[in-house]
Amino acid sequence: MTGMVLTVGNTLMGDDGAGPLLAELLEANPATGWSVLDGGATPENVTYVVRAEAPERVLLVDAADMQLPPGTVCRIEEADVAKQFLITTHAIPLDVLIASLRETVPRVTFVGIQPAVVTFYGDMTPAVKAAVEGLHRSLLLGTDPDDLPTVAERHDQTAMT
């Protein structure tokens with residue numbers, strides 16, 4: 001299977017740089033079966049690269065406000081992407097980006113990382129940095145991102161504790 005990790009985020013906005021940090025880690029230490037493309041704050045500007053590479057699947061990774069503890073990593077169901085889970089630092093909504101990717105990519109999985117701080121010139125928090133490093137390790141180990149818990153599952157786990 002060929003997959004592409006498409007990261008989204010702005011490194012000048014604290015924890016919103018989670019996606020680009022994952023891209024850096026994957027470029028330095030690639031995960032088998034995955035290529036990586038950093039879409040930055042305007043991922044719509046690199047969709048032509050995704051179309052040209054024609055991967056079987058895309059893993060889209062971005063900071064997402066899911067109302068969970070900072071550093072929580074969750075899969076966000078496509079139906080929920082348009083809801084208020086997203087940090088609004090991007091030129092187009094991610095649900096529009098996903099719809100565009102689906103025109104040529106059979107599988108698109110969106111993974112969000114809960115930020116603590118999204119502010120200009122802020123540093124990435126340790127919780128988010130650790131979460132990105134953990135996601136990188138799981139990709140290196142061959143873990144399927146579809147096995148990550150969804151936002152709803154995380155909220156259920158949080159409510160039970």
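The values are calculated or read from the model by the stated rules, or taken from the named source; none is laboratory data. Source: prediction; values computed, not measured. Cβ coordinates were reconstructed from backbone atoms using ideal geometry, including for glycine residues, and neighbour counts include every protein chain displayed. Note: areas computed on protein heavy atoms with side chains; ligands, DNA, RNA excluded. Shrake-Rupley method; radii C 1.70, N 1.55, O 1.52, S 1.80 Å.
Going by the conditions given, is Ala23 free of Cβ contacts under 8 Å to residues at least 40 places away in the same chain and within 14 Å of the chain's Cα centre (by Cα)? When the stated conditions are applied, Ala23 passes them. A search for C-beta distances below 8 Å between a residue of the stretch 1-19 that is closer than 12 Å to Ala64 by Cα and any residue that is of a type in the set (Lys, Arg) and surrounded by fewer than 24 Cβ atoms within 10 Å (Cβ to Cβ), counting only pairs 6+ apart in sequence or on different chains, returns nothing. Kindly indicate whether Thr11 is in contact with a helix residue (DSSP H, G or I) (Cβ under 6 Å, 6 or more places away or on another chain) and buried (at least 20 other Cβ atoms within 10 Å of the Cβ). Criteria not met by Thr11.
Within the stretch 27-38, if we keep just the residues that are open to solvent by 50 Å² or more (accessible area, probe 1.4 Å) and touching a residue at least 12 places away in the same chain (Cβ under 8 Å), the residue that is farthest from Leu135 (Cα to Cα) turns out to be Asp38. For the stretch 39-70, which residues satisfy the criterion of being closer than 17 Å to Gly112 by Cβ, open to solvent by 10 Å² or more (accessible area, probe 1.4 Å) and among the charged types (D, E, K, R)? Asp65 - this is the single residue of the stretch 39-70 that is closer than 17 Å to Gly112 by Cβ, open to solvent by 10 Å² or more (accessible area, probe 1.4 Å) and among the charged types (D, E, K, R). Tell me, yes or no, whether the stretch 142-161 has at least one residue that is modelled with pLDDT under 90, open to solvent by 50 Å² or more (accessible area, probe 1.4 Å), in contact with a Leu (Cβ under 7 Å, 6 or more places away or on another chain) and closer than 17 Å to Pro20 by Cβ. No, the stretch 142-161 has no match at all.
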